[in-house]
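What follows is a set of notes on a single structure, which appears directly below.
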Amino acid sequence: MEFSEYFPVWNKLTPGQQKAITDSLVSRAVVKGTVLHDGSTDCTGLLLIKSGQLRAFIRSREGREITIYRLFDRDICLFSAACVLHSIQFDITVTAEKDTELWVIPADIYRQIMEQSASVANYTNEIMASRFSEVMWLMEQIMWQSMDRRVAAFLLEETSIEDTDCLHITHESIAHHLGTHREVVTRMLRYFQREGMVRLARGAIQITNRAKLKTLCDE
């Protein structure tokens, strides 16, 4: 499929604006683990995912990580072009969680078109609002939800993303997503195992009682 089929406001651009994008567009294929953007001073450009999965996260001075949001097919990452959005400054890192194919729109080209096109400006604002909502939801989880509920919710989300009840993920990786320590995640997972909700193996977690996990999340 062509870029025009992935960019929702393509048909609202003028021929000149469409040409400016296609002439500058960069197509990339990256492997799992590739760092695509690292820090607010790194103006990578806007990332539009053709297929695959990206993770956007922030890192503390002590090296702890917490996932801000994840990106899937047809999603666009704005924070990788911080120089376009002068009022938003995030030291955010974006990595590939799976092998990913994507397009990169150079930041200067996108900024120029956003200033010319109300449709692109509105589309950009909609994405920003959506990301802001995700960040606010994350803050609520951190402030008000206990860690056992957060781990349970993460496991259920992962089974939905991967479409399997057997997750090949490490305790350290879960800790990075949730902004906590590996030992805390291990303690929670062992508790879940004792309660019959999961079965643990090296590098894998088998969900054995989805209903009980869901009940824990809803309590």
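Rule-based calculations on the coordinates, nothing more; no lab input. For clarity, every value in this text was computed on a predicted model and none was experimentally measured. Ideal geometry is used to build each Cβ from the backbone, glycine not excepted, and the neighbour counts take in all protein chains shown.
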### Area projected by the alpha carbon convex hull of segment 3-143, averaged over all directions, nm²
8.4
## Note on the structure
Quick note, segment 76-219: a/c under 1.5 would make it rounded; otherwise a/b > b/c is prolate and the rest oblate (a ≥ b ≥ c, C-alpha gyration tensor); here it is prolate
## Note on the structure
Neighbour-count ranking for M188, M114, M136, M128 (other C-beta within 10 angstrom, fewest to most) reads M136, M128, M114, M188
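Quote the FRET efficiency, to the nearest 0.05, computed for W144 versus D73 with a Förster distance R0 of 30 Å and r equal to the Cβ-Cβ distance.
0.45
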### At least 30 Å along the helix axis (C-alpha) and Kyte average at least -1.0, DSSP helices within the chain
118-144
### Summary
Once amide hydrogens are built 1.01 Å from N within the peptide plane, the residues lying 5 or more places from H37 or on another chain with amide H under 5 Å from its amide H are V94
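Among I142, I174, which comes first, then next, by fewest other beta-carbon atoms within 10 Å? Spell out each step's value before the answer.
Values: I142 14, I174 23.
Least crowded to most crowded, the residues run I142, I174.
Hey, got a sec? Which trypsin sites (Lys or Arg not before Pro) in segment 101-177 land in a DSSP loop and have at most 14 other Cβ atoms within 10 Å? Don't jump to the answer; show the numbers that get you there.
Details: sites: R111, R131, R149, R150; in loops: none.
Answer in residue order: no site qualifies.
How many lysine pairs does the chain hold where the Cα atoms are under 26 Å apart and the two sit 8 or more places apart or on different chains? Walk me through the intermediate numbers first.
Working: K12/K50; K19/K50; K32/K50; K32/K98; K50/K98.
Counting lysine pairs in the chain gives 5.
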### Task
Could you work out how far apart the two model spin labels at K212 and E2 are, taking each label as a point 7 Å from the Cα in the direction of the beta carbon, and quote it in nm?
5.4
### Query
Under 17 Å from the 7 Å Cα→Cβ point of E157, by amide nitrogen: which residues of segment 54-71?
54-59, 65-71
### Query
Check T208: other-chain or 5+ apart residues with amide H under 5 Å from its amide H, H built from backbone geometry?
V198, R199
